[in-house]
Amino acid sequence: MHNSSPLCSYVAFQVLRALEVSNDHDMFRSGIVYFVKSNQPDFGGWDPTGPVVDEFDRAPWWDYSSIEVR
């Protein structure tokens, strides 16, 4: 998903669930594929937004900074 983020995708899943969208809907299926592909095991999960967030208007607290791998 171009310009998607794990954080926004997570929120989208919550909305789909609240709307009682079927689990086999294409949006759920493509979302699962997105989560599988965007997982970054080197730091144990997902980067919440990624650097693409800096390309768009946003509140200053959404400025991107990379996550340190420990």
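Looking only at residues in the stretch 46-70 that are touching a residue at least 24 places away in the same chain (Cβ under 8 Å) and surrounded by 13 or more Cβ atoms within 10 Å (Cβ to Cβ), the one that is farthest from the chain's Cα centre (by Cα) is 67.
Out of the residues in the stretch 1-39 that are closer than 21 Å to residue 62 by Cα and assigned to a loop (DSSP other than H, G, I, E, B), which is modelled with the highest pLDDT? Top of the filtered list is 39.
Would a scan of the stretch 47-54 turn up a residue that is among the aliphatic types (A, V, I, L, M), in contact with a helix residue (DSSP H, G or I) (Cβ under 6 Å, 6 or more places away or on another chain), part of a loop (DSSP other than H, G, I, E, B) and on the phi < 0 side of the Ramachandran plot? Checked against the condition, which is being among the aliphatic types (A, V, I, L, M), in contact with a helix residue (DSSP H, G or I) (Cβ under 6 Å, 6 or more places away or on another chain), part of a loop (DSSP other than H, G, I, E, B) and on the phi < 0 side of the Ramachandran plot, the stretch 47-54 yields no hits at all. The C-beta contact set for the stretch 16-45 (first residue touching a residue at least 12 places away in the same chain (Cβ under 8 Å) and closer than 15 Å to residue 5 by Cβ, second residue among the aliphatic types (A, V, I, L, M) and not in a helix (DSSP H, G or I), distance under 6 angstrom, 6+ apart or interchain) comprises 34/1.
The values are calculated or read from the model by the stated rules, or taken from the named source; none is laboratory data. Note that this is a predicted model, so its numbers are computed, not measured. Backbone-built Cβ (ideal geometry, glycine too); neighbour counts: all protein chains shown.
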